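Each remark here refers to the structure printed beneath this line.
What follows is calculated from the coordinates using simple rules that are stated; it is not laboratory data. Just so it is clear, the structure is predicted and the values come from calculations on it, not from any experiment. Glycine also receives a Cβ, built like all others from the backbone with ideal geometry; neighbour counts cover every protein chain displayed.
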Amino acid sequence: MTNSNDLPLSEAVFFILLSLSPGPKHGYAIMKDVQQLSNDRVRLSTGTLYGALKRMLNQKWVERVKDAQPVETGRQRKEYILTQSGMRILGAEAARMRSLAAMVHLRRAEN
Amino acid sequence: MKYAAQFALWLYERLLGFYPRNFRYEFGEEIVLVFDEAVNDAVNLSGWALFRVSIRELRDLPKALFGAYWHEIQDGIGGYRMFDFRNEEMWKIEDHKEATIAALPPLIFGFGMALSALIIREPWYKVPEWRMILGIGVTVLPQRKMEKWHPCYSSQKEPKP
């Protein structure tokens, strides 16, 4: 179940969830993907990204897993993966946006 | 360019000290790694890209800090965790003098930001370079010795769970 208080999602949270929907990603991959998804409009800073990820981890919308391939420095990166709850909230946000768009079309058709 | 990237990373690690302890403990190493990757990519593009990455981080810092502390407070109200330096032996604040010293860096940073805003005033593209450098300098230079003032501001000395 999604809590109605969780909607609408902030733009950063929406794009992070959307970025994670195809599969797990690590922090920098999320940053780049969000920039690409939003046509360069949304550029996340590390502070914004990890602040949002922390909230999403607490709400159990995402989970943290260890990346199988360590980076060149030898340090283990962590990847984030969308949970069922995260999928649901993303779907609920998409449905909310669809209903808003439908309302706009309806109002335009009336005029 | 290499030195500029190293300086950006050095500065970023210092600024991370402003985040709540729990946040630093949970994400500190990872967040530095991500910034390092962003800086390396930017360096390969141009100096301008590096400047943009650094400015973006500085611009979002106050909001990100506010969010992190707000979340910390909410967690505290939720009852399962409190933001409390005194419970860790390493960060134990012994007396009022130490507490005052530990409270200084964020105050000085805030004062530096305010002073910097007064010095720079106009949009960055209109400001003479010396004023920009002075403005940034008054904010960041006092933080250089920050982690020596009290270990709670060090991002490098986190205990293992």
Q: Report the full-extension gain for the segment A:I81 to A:K60: residue separation times 0.36 nm, less the Cα-Cα distance, to one decimal in nm.
A: 6.5 nm
**Q.** Tilt relative to chain A, helix A:11-20 - C-alpha long axis, 0 to 90 degrees, to 10
**A.** 60 degrees
Q: Calculate how steeply helix A:46-58 sits against the longest principal axis of the alpha-carbon atoms of chain A, using the helix alpha-carbon long axis, and give the answer as 0 to 90 degrees to the nearest 10.
A: 80 degrees
**Q.** Gap separating the Cα centres of region A:82-111 and region B:50-69, nearest whole Å
**A.** 31 Å
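For n ≥ 4 DSSP H runs only, could you compute -39500 (n - 2.57) per run for chain A, divide by its residues and tell me the 222 nm figure to the nearest 500?
Numbers: 4 runs with 61 residues, N = 111.
Helices in chain A give a 222 nm mean residue ellipticity of -18000 deg cm²/dmol.
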Q) Per 10 Å bin from zero, what fraction in whole % of the C-alpha pairs of region A:4-110 is there, up to the bin with the longest pair? A) 14, 42, 29, 10, 3, 1, 0
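Order by neighbour count: A:Y50, A:Y28, fewest other Cβ atoms within 10 Å first, most last. Present the calculation step by step, with values, prior to reporting the outcome.
Numbers: A:Y50 24, A:Y28 21.
Going from least to most buried by this count: A:Y28, A:Y50.
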Q: List the relative contact order of chain A as a percent without decimals, with contacts defined as Cα pairs under 8 Å and 6+ residues apart.
A: 30 percent
Q. If you keep only loop residues by DSSP, which GluC sites (Glu not before Pro) in region A:12-111 have at most 16 other Cβ atoms within 10 Å of their Cβ?
A. A:E72
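Among A:M97, A:M103, which comes first, second and so on when ranked by fewest other beta-carbon atoms within 10 Å? Don't jump to the answer; show the numbers that get you there.
Details: A:M97 14, A:M103 10.
With the fewest neighbours first, A:M97, A:M103 line up as A:M103, A:M97.
Length gain on complete extension for the stretch B:N40 to B:E98, per 0.36 nm per residue less the alpha carbon to alpha carbon distance? Display every interim value, and only then the final one.
On the way: separation 58, 0.36 × 58 = 20.88 nm, distance 3.85 nm.
Working it through step by step, the gained length comes to 17.0 nm.
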Q: Would you kindly state how much longer the chain becomes between B:A4 and B:Q74 on full extension, computed as 0.36 nm times their sequence separation minus their alpha carbon distance, in nm to one decimal?
A: 21.4 nm
